[in-house]
Amino acid sequence: MEGHEHSGRVQQAAAGGGGAGIEAAFVTAGGQVTQLPWDQAAVSVRFEDLAPVSAFPVLPGRRWGPGWWWSATTGRHVVHGSAAMRTQLMVLDRNPDVTGLSARPVRLLWRDVANGRVRSWVPQLFARYADGTGLLADCPSSPAVGGERAQRARVVLEAACARVGWSYRRLEPPPAVVAANLRWLAGYRHPRYQGPPGLQAALAAAFAAPRPLADGVAVVGDSLQVLPAAYHALWCGHLTTPLDEPLHERVLICADAERGEGVERRLSNVGGDSERG
């Protein structure tokens, strides 16, 4: 889309009732900035495959800068701009219902009905679910981050996503223990840690009933080979344990997913749709 036409579409963006009238701007695979009505873009654009529509800023003096997260879900890197966003990427990457992830793939534009000014917002994360629906999300380090502008945008984005059967959320940081456990297990998310053929099946057999991590690993074989595979299985959900308790060698592990269902659901809800378990 030519720059003049693009500018014209921005000026025409108007927010109507129920999220109608919102526009979506994004960068195509060919590097072209394109704008479509939100209702049309939501059903026709694979946002999980798009590059960021705007870069994460590098702020002098800040301890944290933009980085990259390798996604076990997609096998590709996703850029992040904060520690809080990286944590939410970990949560979503571990959610078996998530099939795609991307950062800042779309800018939503609308006209403020109060004063007629065109407003815009770029959600930090997009997640695609297995049923085809999507999640647009922001990752504040605390609920108050973003101020009044963020809260106004939240109302608009919630309505826009609900209109197309998606959801928008400001994802709350998980508890410190859960986040620490996730960071540890994420270090073993790559398939190379699953071990040689038969090892995952041996772990499932060893933990068919709840038992301490160290005991089950010792039954299977050399801990230098088996322990990384056990952590990989915990990341994938093939083994379960309460992630709201610190991981250690005596923590109880079980291969029966139903035994860990409650904790796994709580963890999933930290970074996804609260109605998804």
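What follows draws every value from the coordinates through simple rules; no lab data is involved. Note that the coordinates shown come from a computational prediction; the quantities given were computed from them, not determined experimentally. In this analysis, Cβ positions are derived from the backbone assuming ideal geometry, glycine residues included, and neighbour counts consider all displayed protein chains.
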Problem - For region 168-217 versus region 75-92, the gap between their alpha-carbon centres in whole angstrom - result: 18
Exercise for the section: Calculate the tail of P(r) for region 109-223: the fraction of all Cα-Cα distances greater than 16 Å, expressed in %. Expected result: 74
Fill in the blank from the handout: Here the net charge surrounding TYR188, from other residues whose Cβ is less than 14 Å away from its Cβ (Lys, Arg +1; Asp, Glu -1), is +3
Problem - Relative contact order computed over region 37-103 (Cα-Cα under 8 Å; 6+ residues apart), in percent - result: 33
Fill in the blank from the handout: Protection proxy (average C-beta count within 10 Å per residue), highest first, orders 97-103, 145-151, 212-218 as 97-103, 212-218, 145-151
